Amino acid sequence: MHLNDVTLREGDQMPGRAYTAEQKIECVRALDDLGVPFVQPAFPATGEKDRTVVAELSGTTDAEIVALARALERDIDAAVDSGADVVETFVSVSDRHLEYLLEMSREEMLAMLTDAVDYIADRGATPHVTLADAFRTDHEKLVDVFDAIPNVPFVTLADSVGARTPQTVASTLDRLAEDVDFSRVGVHFHDDMGCGTANALAAYHAGVAKADVSVASLGERAGNSSLEEVVVACAVDLGDDLGIRTDELIPVCRSVLETLGEEYGDRKAVLGGEISEHESGIHTAAMLGDPATLEPFDPAAFGGERRLVFGAPTGTDGARKLLDRAGIEATDETISAFKSTLAERGPLDLDEALALARSEFGD
């Protein structure tokens, strides 16, 4: 499954955000170094800033630079003239969206879409298509859209309002697989019900070829499927790194957020510092012997670090293992004294605790 990063385009649409061209360009280069194959940083029709972003990146990245465009010639011209490798045009396909958003018939929508795809190709760019509200669209109507644009390499099904869960995503895709070549199918999820990453994983299991993701789920409303969560889940549980340089994942994602001035919580999955920090006496004692006892993955595998904390909660077993590691005989007396010293001096990380053991109880 290929990843298409939408952090910069989706994030810039959040209320109160106005990323600069320089911020976007710096982040794209970081994501490109990470190995993300498609990056969608901009919607060139919205203004000079996004046209500059695409123009500056054009021809300078291994990643395909994807520019978003409505199915309108003026939007497509803005994207192509900026130098985008891919122009991703979008239309709504559900009955609800056609009636209340586009205010047009299904036939009119299909004509608009096919004309847009042809125009993108005529202008010399690669067309991709996103179908808005696809997961609330009847099966037969989705198949009709795929049949209408047979030469488009990727057609992305969007759960535009985050209304679906993994079970319904899987059932929709399993049925679609009977009628559509899945080497063309992409997915785009929103996290309004907290299912963005889980839905992307359900789509992975269904065999889709591409998924939209964003760093720390940045995006409209609750955001999108999380880049770092999807990569780690696939790497750890399924043995598939998705072509990403996993040893750089955490620092690159953190650097993107820092560049954009975006915050993330200490308990944010994968990125948060506290998810690989352990202080409980029982936990730290076990992890001194085997860290995998209480961790789903070694944070170092993704460019992070583990922090074991020792202090008042450290028990007898933990103190004994620390003393053993420090090369100090762990008698009942030294263990008791070391526990008291840890309680007084802590909290300390592993190196600090070992140094304390050596300075206080070494020869």
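The values are calculated or read from the model by the stated rules, or taken from the named source; none is laboratory data. None of the values given here were measured: they were computed from a predicted structure. Because the Cβ atoms are built from the backbone with ideal geometry, glycine has one as well, and the counts that use them run over all protein chains shown.
So that you can scan it fast, the table gives a plain yes or no per residue for (1) within 21 Å of the chain's Cα centre (by Cα); (2) surrounded by 17 or more Cβ atoms within 10 Å (Cβ to Cβ):
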site: ASP5; (1), (2): yes, yes
site: ASP12; (1), (2): yes, yes
site: GLN23; (1), (2): yes, yes
site: ASP62; (1), (2): yes, no
site: ILE65; (1), (2): yes, yes
site: LEU68; (1), (2): yes, yes
site: LEU72; (1), (2): no, no
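Need at least 3 residues that are more than 17 Å from ALA21 (Cβ to Cβ) per element, so show me which strands (runs of 3 or more DSSP E) inside the range 35-121 make the cut, counting only ones lying wholly within it.
64-70, 86-92
Filter the range 199-214 down to the residues that are surrounded by fewer than 22 Cβ atoms within 10 Å (Cβ to Cβ) and in contact with a Phe, Trp or Tyr (Cβ under 9 Å, 6 or more places away or on another chain), then identify the one that is nearest to PHE38 (Cα to Cα).
It comes out as ALA209.
Give the residues of the range 37-56 that are β-branched (Val, Ile, Thr) and closer than 17 Å to ARG74 by Cα, sorted by residue number.
THR46, THR52, VAL54
Only one of (1) surrounded by 20 or more Cβ atoms within 10 Å (Cβ to Cβ); (2) of a type in the set (A, V, I, L, M); (3) over 27 Å from ALA55 (Cβ atoms) fails for MET104. Which number is that?
So the condition that MET104 fails would be (1).
Assess whether ASP241 counts as being charged (D, E, K, R), over 16 Å from the mean Cα position of the chain (by Cα) and at pLDDT 95 or above.
no
Out of GLY311, GLY315, GLY303, I need the residue that is of a type outside the set (Val, Ile, Thr), under 13 Å from LEU354 (Cα atoms) and touching a helix residue (DSSP H, G or I) at 6+ places or on another chain (Cβ under 6 Å). Which one?
After applying the criteria, what remains is GLY311.
Considering the range 236-253 alone, what residues qualify as being of a type outside the set (Val, Ile, Thr), assigned to a helix (DSSP H, G or I), surrounded by fewer than 20 Cβ atoms within 10 Å (Cβ to Cβ) and touching a residue at least 12 places away in the same chain (Cβ under 8 Å)?
LEU238, ASP247, GLU248, PRO251
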